[in-house]
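Read through the structure below, which is laid out as structure tokens, and then see the notes.
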């Protein structure tokens, strides 16, 4: 796997990697994976830049959702029968489209 750097999310530094399904089992069925215990985000290697950026934003969304306290609050508020994982994916899908342009703009500002 190739290390690309560190991104802070909810006060935790997540190390960003790219890799293949052979290197990280979680990539078998996904473009990316957020490992909360290891504080790592792994993206599938060789994706088109737009897909990689969207996937990174999505995985950062998982990190923020879990480590900012939102997940604990939501789980406490959900009624029986509501799937917390489905709720989490829905929330992330709502705000990821807003993050991608921000990252693109910041990248253009770098010298």
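Bear in mind that the values in this text are calculations on the coordinates, not laboratory data. For clarity, every value in this text was computed on a predicted model and none was experimentally measured. Please note: Cβ atoms are built from the backbone with ideal geometry, for glycine as well, and neighbour counts cover all protein chains shown.
Some notes on this structure:
- Close pairs (7 angstrom Cβ cut-off, 6 or more residues apart or separate chains): in contact (Cβ under 8 Å) with a residue 60 or more places away in the chain in segment 32-51, in a helix (DSSP H, G or I) anywhere: none
- Hits in segment 1-17 (condition: farther than 27 Å from residue 69 by Cα and in contact (Cβ under 8 Å) with a residue 24 or more places away in the chain): 1, 2
- Looking only at segment 11-30, residues that are surrounded by fewer than 16 Cβ atoms within 10 Å (Cβ to Cβ), touching a helix residue (DSSP H, G or I) at 6+ places or on another chain (Cβ under 6 Å) and under 20 Å from residue 54 (Cβ atoms) come to 1 in all.
- Count of residues meeting criterion [closer than 17 Å to residue 26 by Cβ and touching a helix residue (DSSP H, G or I) at 6+ places or on another chain (Cβ under 6 Å)] in segment 45-64: 2
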